[in-house]
Structures are given as C-alpha cells and as structure tokens.
C-alpha cells in the first residue's frame, strides 16, 4: 500500500523552501486575524495533513472565480493550492478533456468517497436541465451525484453561494445556490463577484488546517467576512464627519471623501476587500474611486441602483451625520465658552490692576 502523500511531501517535491512555507503560514495567520503564535500551529498541521482530493465543478458562471484563483498574487499561494491539495477535476484548468476528464472525476469520487472536498462555482439551473450540462449531464444531476460522497462543500463566488447574477430577476433559468439543493453536507460559502484570490486560497487552507471554520449566519467564514467593508474602510473617518462626495467629479471625490451618497454599499457588505485588497494588495474598488456594489451579499444585483445611496444604512447616515455635526457644534460651543471665559477673566484682571493703580496713586 502506498504511503499517503502529505502536504510537507508535496511541498518538498515542488521545491518550496522552509522559509517560503513559513512566510505563507504567516500570511494565512494574518488573513485570519490570528496571533503570531498560531503560525507554528498552522505549519505543523499543514505539514502532517494528507493532501485532500478536490473536485471542482463549474456550472452557470463566467469563469471569473477561476480567473481570480489563478491570479493569486503570491507564487507560494499558487504553489500550495495546487501542491497542498490534489486537484483531481477542474474542467477549465485540467489538461484532460472529454471521456478522460470524466473518468478522472469518477476515479477521484470512487477512490476518496466520503473524504474529498467538493468546490462549486456557478449557480445551478432548475428550470430546464438543458440550460447547462457537462458531458451530457445536467448541472443539478452532477451536483447531487458528486455531493453525495463529499466530506464538505465550498461554494466559491456569489453564484454558487447565493444564486448570483443568473438568479437575478426574472431568473429565466430557475438558478439556485448550492445550499438550496444540498441539505445534508457542511457548506462553506465564499461569495464575491469574484472572491478575492487570497480569500479563496485562505479558506481552503483554513479547512485543511483546522477543519470547518466558524461561519456567520450566511455560511461565510467569519475570519474573512466577519466585518463590514465600511468598518475597515480608510474613508470611514469622512463618513463619521459627514463629508461625502456628491458626484464622481466634485471636490469631495477629488479629496477622497466617503462615497456613500454615490451608492457605496460598504455599510451593509461583509468582505475583506478593505484590508486584503486586490492585485498584490494594491487597491480595491473604493480606493480606485468606485463605490462598493455589495457583491458578496445575497441578491446584490436586485438590491437597487448601484449609484444611489442606501435608504437605511448601518448606523444610519442621517444619525451619523447629525451626531458628527452635533459633536462639532458642541465642541465649538464649548471652545467658545472657554474663550469667552478667558477673555472675561483677562478683562477683570486688567480692571483690577487699573483699580489697584488708582488706589496707590491716591
């Protein structure tokens, strides 16, 4: 019987140095907001972990999630995602096609039944099986077949997690999410249109290291979706001061003020964009001057205009602006009172000195 290949074995065969491996573990710990002491725990777990078989199914999607994955900015991340796991089926990335590709999927299911990880991107059409098929098999039938032997499922992208754009009104294909069809397996939702590359790989490594992560009420890993973009946005101080861009070319926009009034959905969107960012941590939409679309939230496409302000934002913009303005008025009033008090004291002191002088002269 062949000895199971561990992550450590795969890394050594791939030429990944110990230094590079530890740097990667440090990056993962940082992404998950874990203390520095957890780096050694992550490293030990990854080294001993057996490379899990991964079957990746793509249904009604634009390939954006796969494109995001392959554009991971850190080469070590890319090495680990293909060396730390055994990616046994992915019809966009694999060399095999046709019968050979489907044979690889069936072999992976048979050899690893009950233990493999299923990754899905794209929504599943239910209105007509012919809307989307792979090798003559409808997306729904293939999902049900492969999910039956999976240990867990990762729904990558908003289409797989929530139905996404195909699910938008009027939803002509009857598109649904993975969770709408699968009720008896653990499901980790990694939404975004597409998700951040480091978040995709980070979730897979988190699963490989610690098992199922802590999830929020929408099935998203709290480590990456635990805070709103608004709460971690560098423009937040302008929001709190009531300073907003009114249009994309006004003075407020040029000064980098909050984009709430031109449609930013940051207050109601939970994702790591403001901290992890895109393109090697270079920027994210708000930093580039465009409001957040809320793409990691359910039904973001039908949630109203992308360029109109939220009617009831988190924390209420009205209240925030009023509080900020009120605080400013109170501070101004207090400062004015202090200044008047000092001025009156100076006058009284001056008058007293004048009186004392007159008394001395007389």
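Stretching the chain fully between residue 232 and residue 302 yields a gain of 22.7 nm (0.36 nm per residue, less the alpha carbon separation).
I need 295, 258, 159 ordered by Cβ neighbour count within 10 Å, fewest first.
295, 258, 159
Counting beta carbons within 10 Å around each of 162, 238 and listing the fewest first gives the order 238, 162. For region 239-302, the relative contact order works out to 29 percent when only alpha carbon pairs closer than 8 Å and six or more residues apart are counted.
Among 273-283, 223-233, sorting by the average number of other beta carbon atoms lying within 10 angstrom of each residue, highest first, gives 223-233, 273-283.
If you take the square roots of the eigenvalues of the alpha-carbon gyration tensor of region 154-310 and sort them as a ≥ b ≥ c, do you get rounded (a/c under 1.5), prolate (a/b over b/c) or oblate?
Oblate shape, in that a/c is at least 1.5 and b/c is the bigger or equal ratio.
Would you please classify the overall shape of region 239-302 from the alpha carbon gyration tensor, given that a ≥ b ≥ c denote the square roots of the eigenvalues, rounded means a/c under 1.5, and beyond that prolate means a/b larger than b/c while oblate covers the rest? Oblate, since a/c reaches 1.5 and b/c is not below a/b. Antiparallel DSSP bridges in region 7-225: what percent, to the nearest 5? Restricted to region 7-225, the bridges split so that about 25 percent are antiparallel. In terms of other Cβ atoms within 10 Å, 236, 50, 105 run from fewest to most in the order 50, 236, 105. The simple spin-label model puts a point 7 Å past each Cα toward its Cβ; for residue 288 and residue 241 those points are separated by 2.7 nm. Could you tell me whether region 123-231 comes out rounded, prolate or oblate from its Cα gyration tensor? Rule is a ≥ b ≥ c as square roots of the eigenvalues, rounded for a/c under 1.5, then prolate if a/b exceeds b/c, otherwise oblate. Note, shape of region 123-231 comes out oblate.
Read-outs: derived from the displayed coordinates by stated rules, not from any lab. What you see is a predicted model; the values in this text were computed from it and never measured. All Cβ positions, even for glycine, are placed from backbone atoms using ideal geometry, and neighbour counts span all protein chains on display.
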